[in-house]
Amino acid sequence: MSLPSHVRLVEVGPRDGLQNEAQPISVDDKVRLVDALSAAGLGYIEVGSFVSPKWVPQMAGSSEVFARIQRKPGVTYGALAPNLRGFEDAMAAGVKEVAVFAAASEAFSQRNINCSISESLERFAPIMASAKQHGITVRGYVSCVLGCPYEGQIAPEQVAAVARELYAMGCYEVSLGDTIGTGTAGATRRMFEVVGAQVPRDKLAGHFHDTYGQAIANVYASLQEGIQVFDSSIAGLGGCPYAKGASGNVATEDVLYLLNGLGIETGIDLDQLLLAGQQICTVLGRPTGSRVAKARSGG
Ligand code: HMG
Ligand code: MG
């Protein structure tokens, strides 16, 4: 299969990146990050989560962040919603696109959202109904698609079954998450072959964490499978609080460098993106997780 000419990047740094940070990050700093990302040309930014603050304290200020970002026309500003309560809070904050999240692993589903996979899908049904009524679009996530911190190997058929349910209930796109970053290029291709038989490939996205340093290879393997949407995180921030040891998502700067090299269009400016990355790393007091950013800053 030839590579796509255009790819859409979904920036998940302000949500997937920051949700795992123990140190308090001010609303001002979160707003500055989101605005810097839209200035860099990203067309989709996941801004926060409407989850229980007892479960993920860092996302507690998401309404305020939404109230203060500068919404650039044409940019989608999304948020996670685990249940109807979260969805309603998101709507009250003016969110026009939400993401629901399920898992391909029962054990991870229990640890992450305190219910079974089928219970989670039942919880999403009223969200889908209300979203349709209010003209809100819904994206779906499946976690642990290439391995689970509690169950180990996950069969691609199990991923396909959950992805198909999310698509059938009205998610316009389903993002497949290698939550713990153990996947390799071969496993990625096989997973997309199996899931792609159940859900159209142009409705699937890849979401790779870089724990084992495989994420860029997995993005390339996905491109070869015809996947054209990838989630990534500025400066490689992140991890999941319910997947111990999982490191950040693949860095947006590194994915963009790969895509630029392949002549694939994204509409994103690398220099502006590097600035956004520098800014948040200064806030966090940590070096960047992006190899490209490291190389460009001389070290
Ligand atoms: P629960 O404890 O089973 O829920 O949590 P509950 O309905 O029994 O409610 C317990 C308390 O939470 C109550 O408050 C509710 O009001 C409150 P209390 O009476 O104790 O004061 N509550 C809420 N508060 C705010 N917002 C809400 C909400 N719902 C209930 N929406 C629940 C169930 C789903 C809420 C919880 O497990 C939760 O919030 N989990 C979120 C976990 C999370 O955010 N994980 C990270 C995101 S997933 C991820 O990172 C993977 C991804 O990146 C893809 C990949 O990498 O694979 C997407
Ligand atoms: Mg993730």
Quiz item: Taking R0 as 25 Å, what's the FRET efficiency between D269 and S5 from their Cβ-Cβ distance, rounded to 0.05?
Solution: 0.85
Exercise. Be a star and scan the stretch 260-279 for residues whose amide nitrogen sits under 13 Å from the point 7 Å along the Cα-to-Cβ vector of K294.
Key: none
Exercise. May I ask for the distance between the Cα centers of the stretch 7-86 and the stretch 236-259, given as a whole number of Å?
Key: 15 Å
Quiz prompt | Estimated distance in nm for a label pair at N260 and A185, the labels positioned 7 Å out from Cα along Cα-to-Cβ | solution = 2.2 nm
Practice problem: Binning at 10 Å from 0, report for the stretch 143-258 what percent of all alpha-carbon pair distances ends up in each bin. | Solution: 16, 50, 32, 2
Quiz item: FRET efficiency for D28 and A155, Cβ-Cβ distance as r, R0 = 45 Å, nearest 0.05?
Solution: 0.50
Quiz item: With θ set to phi - 60° and the Karplus curve 6.51 cos²θ - 1.76 cosθ + 1.60, what are the ³J(HN,Hα) couplings of the stretch 107-116 in order, to the nearest whole Hz, using x for Gly and Pro?
Solution: 5, 5, 4, 4, 5, 8, 10, 6, 7, 6
Self-check item: Under 17 Å from the R164 label point (7 Å along Cα→beta-carbon), backbone N, the stretch 203-217
Solution: 203-204
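If each residue of separation counts as 0.36 nm, what is the full-extension length gain between Q224 and K72 once their alpha-carbon separation is subtracted?
Gain in length upon complete extension: 51.5 nm.
Can you compute the helix-only [θ] at 222 nm over the chain? Use -39500 (n - 2.57) per DSSP H run of at least 4 residues, normalise by all residues, nearest 500 deg cm²/dmol.
Details: 11 runs with 121 residues, N = 299.
Per the formula, -12500 deg cm²/dmol.
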Quiz item: Of the cross-linked pairs K96/K244; K72/K244; K54/K294; K244/K294, which ones have a Cα-Cα span greater than 29 Å in the structure shown?
Solution: K96/K244; K72/K244; K54/K294
Exercise. Could you work out which residue, out of V98, V51, V283, moves most in a Gaussian network model of the chain, that is, has the largest mean-square fluctuation with Cα springs under 10 Å?
Key: V283
Quiz item: Using +1 on the beta carbon of Lys and Arg, -1 on that of Asp and Glu, and nothing else charged, what's the dipole of the stretch 86-191 about the Cα centre, debye to 20?
Solution: 260 debye
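How much FRET efficiency would the formula 1/(1 + (r/R0)^6) give for A107 and K203, where r is the Cβ-Cβ distance and R0 is 25 Å, rounded to 0.05?
Values: r = 27 Å, r/R0 = 1.08.
Once rounded, the FRET efficiency stands at 0.40.
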Exercise. Quick one: among K72, K54, K203, which has the greatest mean-square fluctuation in a GNM of the chain with alpha-carbon springs under 10 angstrom?
Key: K54
Self-check item: Average accessible surface area per residue within the chain, 1.4 Å rolling probe, Å²
Solution: 40 Å²
Practice problem: Name the residues whose placed amide hydrogens come within less than 5 Å of the amide hydrogen of S175, ignoring near sequence neighbours (fewer than 5 apart) on the same chain. | Solution: G140, Y141, V142, A205
Self-check item: Of Q19, Q58, Q224, the one that fluctuates the most in a GNM where the chain has Cα springs shorter than 10 Å
Solution: Q224
Exercise. Compute the distribution of all C-alpha to C-alpha distances in the chain, in bins of 5 Å from 0, and list the percent of pairs in each, rounded to whole numbers.
Key: 1, 6, 13, 18, 20, 19, 13, 8, 2, 0, 0
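The values are calculated or read from the model by the stated rules, or taken from the named source; none is laboratory data. Nothing here was measured: the structure is a model prediction, and the numbers come from that model. So basically every Cβ, Gly included, is an ideal-geometry build from the backbone, and we count neighbours across all protein chains shown. Accessible surface is based on the protein model in full, side chains and every heavy atom, while ligands, DNA and RNA are left aside. Shrake-Rupley method; radii C 1.70, N 1.55, O 1.52, S 1.80 Å.
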